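Working notes, structure below.
The values are calculated or read from the model by the stated rules, or taken from the named source; none is laboratory data. Fair warning: this is a prediction, and the values are worked out from it, not measured in the lab. FYI the Cβ positions are ideal-geometry reconstructions off the backbone, even for glycines, and counts take in every protein chain you see. Surface accessibility is based on the protein's heavy atoms, side chains included, excluding ligands, DNA and RNA. Shrake-Rupley method; radii C 1.70, N 1.55, O 1.52, S 1.80 Å.
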4 protein chains.
Amino acid sequence: VSANGGAAFQFPVRVYWEDTDAGGVVFYANYLKFFERARTEWLRAAGVQQQALREATGAIFVVSDTALRYLAPARLDDLLRITVALVEHGRASMLLRQQVWRDTPDTSALLCNGTIRIGCVDAETFRPRRFPAELLPLLSPTASP
Amino acid sequence: VSANGGAAFQFPVRVYWEDTDAGGVVFYANYLKFFERARTEWLRAAGVQQQALREATGAIFVVSDTALRYLAPARLDDLLRITVALVEHGRASMLLRQQVWRDTPDTSALLCNGTIRIGCVDAETFRPRRFPAELLPLLSPTASP
Amino acid sequence: VSANGGAAFQFPVRVYWEDTDAGGVVFYANYLKFFERARTEWLRAAGVQQQALREATGAIFVVSDTALRYLAPARLDDLLRITVALVEHGRASMLLRQQVWRDTPDTSALLCNGTIRIGCVDAETFRPRRFPAELLPLLSPTASP
Amino acid sequence: VSANGGAAFQFPVRVYWEDTDAGGVVFYANYLKFFERARTEWLRAAGVQQQALREATGAIFVVSDTALRYLAPARLDDLLRITVALVEHGRASMLLRQQVWRDTPDTSALLCNGTIRIGCVDAETFRPRRFPAELLPLLSPTASP
């Protein structure tokens, strides 16, 4: 159950060689890649394609804040579960909780716990603007019942 | 149909923001990431997990040659189809043909055409060694009927 | 002036195509790459090479927390200045302030403001351990006078 | 000495954690990043900045072919020397030889040997176009005497 009482959106990510570093684990920046993939699929599941949205409205999303706690390392061949849950939002920004889980038959381990603030800006000027109407269903209180 | 008369293995890859560059298209190095993911899944489909194989046998795979022709750019949100087909092999190296396709309802476009030579080495010394027995089914003439 | 009264360590980073995304700006995960490069050079400037340290002591550094605020985008060809300043430390972890600046003849713009917590762990077990003695000069109050 | 009789352009690259993978060596796709950085600096050394060139002329460079042979692995903390040498060119494409070297006091080891074909295209349409005049000095027979 997410912070707003709804179930989080979930997206699977496999760990490949490109994701790891010489420490034998996933490089710390790459969790932000996994989070971005999951956000994109969360939008896609709601019918929002970012390239089409930009062409139609001139709007793109930018990240303004990230806070991540790394709890345990992920490794090559791991199958991870990335979550997205809306915490709160205004007219031009939203706060998401995102997590990385590794599930095994016996247990689920939380590997990384994050909060990400997303803003909506004009693709040319990078000035803040309201979320386009296409996004409103995702932001309604009953979006993730 | 692949060079050895079999159908190529296929693996889907979605293009995310991380894959693109300021030219608006997928950065040229990232096709090698897509190829690696597809090779890993080709091995996995045959029951070979690289991390487990390394722990059991000390063997890892390394790339010794790549040759890529970039025919048309991929873009954000594209769903790509990456292929893997065995062209030929010896006891310690194999040559693969790998391609990137973008399918639409009307047509399939070949975006990138590559050949990749893979060798088997000892994980500690990086010296060439024979492919472990786990890999032999993939290398048989009837591997991909 | 850093939190411990010393000037921050500084390291230049040029923005290349690999760093940008289809939004025309540096992809948000890549600031963590820039921060890691600057930390590595901060260590190297103090005589600590991580690969040699690992071989000699078995210790590696891992990131346990990151908090980044993205203030303005960096673009292709920008020359950035990445800073590292020690905020506080214990025997097995330290807190760093790291920033991304873009200098022009007229002004300096702060593009990204971060705090990064680093821990010291055993490379095999990933269990926390004390910082090796090689690191102590970096952690002294007069490290960056 | 390069194929056109001139010394190759050289650019140093340090190997950071981001460049390595769980095999303990530089991930194979990342040599293409190193090559791109060196090409960008080769252009910059000749007075050509790609972002400014695009704004002034609408031209960008795209890679149409890469062929790399991986001879020996690079590792964390290695200082590499990346080279760029013009092999041949037409009015809208050029062939470059690029190499990765690791120098030690005693010897220089060639780690990766590549050829890269670059084309010039319109940034909007990706259609081939002639190299802009700003590039001609680089393409002259006496460019790298």
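Might you check whether a residue that is out of contact with any Leu (no Cβ under 9 Å at 6 or more places or on another chain), without any contact (Cβ under 8 Å) to a residue 12 or more places away in the chain and of a type in the set (S, T, N, Q) occurs anywhere in the range C:133-140? For the range C:133-140, residues out of contact with any Leu (no Cβ under 9 Å at 6 or more places or on another chain), without any contact (Cβ under 8 Å) to a residue 12 or more places away in the chain and of a type in the set (S, T, N, Q): present. Assessment of the range A:127-135 against the conditions (of a type outside the set (D, E, K, R) and assigned to a helix (DSSP H, G or I)) yields at least one matching residue. Of all residues in the range B:36-53, those being surrounded by 14 or more Cβ atoms within 10 Å (Cβ to Cβ) and facing another protein chain (nearest Cβ under 9 Å) number 8.
Find the residue count for the range C:19-35, including only residues that are outside any loop (DSSP other than H, G, I, E, B) and hydroxyl-bearing (Ser, Thr, Tyr).
Of the residues in the range C:19-35, 2 are outside any loop (DSSP other than H, G, I, E, B) and hydroxyl-bearing (Ser, Thr, Tyr).
In the range D:62-124, which strands (runs of 3 or more DSSP E) lie fully inside it and hold 2 or more residues that are within 14 Å of chain B (Cβ to nearest Cβ) and in contact with an Asp or Glu (Cβ under 9 Å, 6 or more places away or on another chain)? Ranges flagged: D:108-122.
Scoring D:ALA56 on the criteria (1) of a type in the set (A, V, I, L, M); (2) modelled with pLDDT of 95 or more; (3) over 14 Å from the mean Cα position of the chain (by Cα) leaves a single failure, condition (2).
Sort out which residues of the range A:14-35 are among the aromatic types (Phe, Trp, Tyr), more than 13 Å from chain C (Cβ to nearest Cβ) and under 13 Å from D:GLU18 (Cα atoms), and write them in order of number. Selection gives A:TRP17 alone. Reported count of residues in the range C:36-53, each being over 14 Å from the mean Cα position of the chain (by Cα) and assigned to a helix (DSSP H, G or I), is 3.
For the range A:63-75, the criterion of being modelled with pLDDT of 95 or more, surrounded by fewer than 19 Cβ atoms within 10 Å (Cβ to Cβ), β-branched (Val, Ile, Thr) and within 14 Å of the chain's Cα centre (by Cα) is satisfied by no residue at all.
Screening B:ALA56 against (1) part of a helix (DSSP H, G or I); (2) more than 14 Å from chain D (Cβ to nearest Cβ); (3) open to solvent by less than 50 Å² (accessible area, probe 1.4 Å) leaves a single unmet condition, (3). Filtering the range B:98-125 to residues that are over 17 Å from B:LEU86 (Cα atoms) and open to solvent by 40 Å² or more (accessible area, probe 1.4 Å) leaves B:TRP101, B:ARG102, B:ASP103, B:THR104, B:PRO105, B:ASP106, B:THR107, B:SER108, B:LEU110, B:ASP122, B:GLU124, B:THR125.
Taking first residues from the range A:1-15 that are modelled with pLDDT under 75 and partners that are in a strand (DSSP E or B) and not hydrophobic (A, V, I, L, M, F, W, C), the Cβ contacts under 6 Å between residues at least 6 apart in sequence or on separate chains come to A:ALA3/A:ARG97. Restricting attention to the range B:40-64, the residues being within 19 Å of D:VAL25 (Cα to Cα) and in contact with a strand residue (DSSP E or B) (Cβ under 9 Å, 6 or more places away or on another chain) number 11.
For (1) in contact with a Phe, Trp or Tyr (Cβ under 6 Å, 6 or more places away or on another chain); (2) small (Gly, Ala, Ser), each residue gets a yes or a no:
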site	(1), (2)
C:LEU53	no, no
C:GLY58	no, yes
C:LEU76	no, no
C:ILE82	yes, no
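Tell me yes or no: at least one residue of the range D:76-89 is surrounded by fewer than 21 Cβ atoms within 10 Å (Cβ to Cβ), closer than 29 Å to D:TYR16 by Cα and polar (S, T, N, Q). No, because not a single residue in the range D:76-89 is surrounded by fewer than 21 Cβ atoms within 10 Å (Cβ to Cβ), closer than 29 Å to D:TYR16 by Cα and polar (S, T, N, Q).
Note on the range D:11-25: among residues that are of a type in the set (A, V, I, L, M, F, W, C) and open to solvent by 10 Å² or more (accessible area, probe 1.4 Å), the one that is nearest to D:TRP42 (Cα to Cα) is D:PHE11. Given the criteria open to solvent by 20 Å² or more (accessible area, probe 1.4 Å) and either in contact (Cβ under 8 Å) with a residue 40 or more places away in the chain or within 14 Å of chain C (Cβ to nearest Cβ) (or both), does A:ARG130 qualify? So A:ARG130 fails the test.
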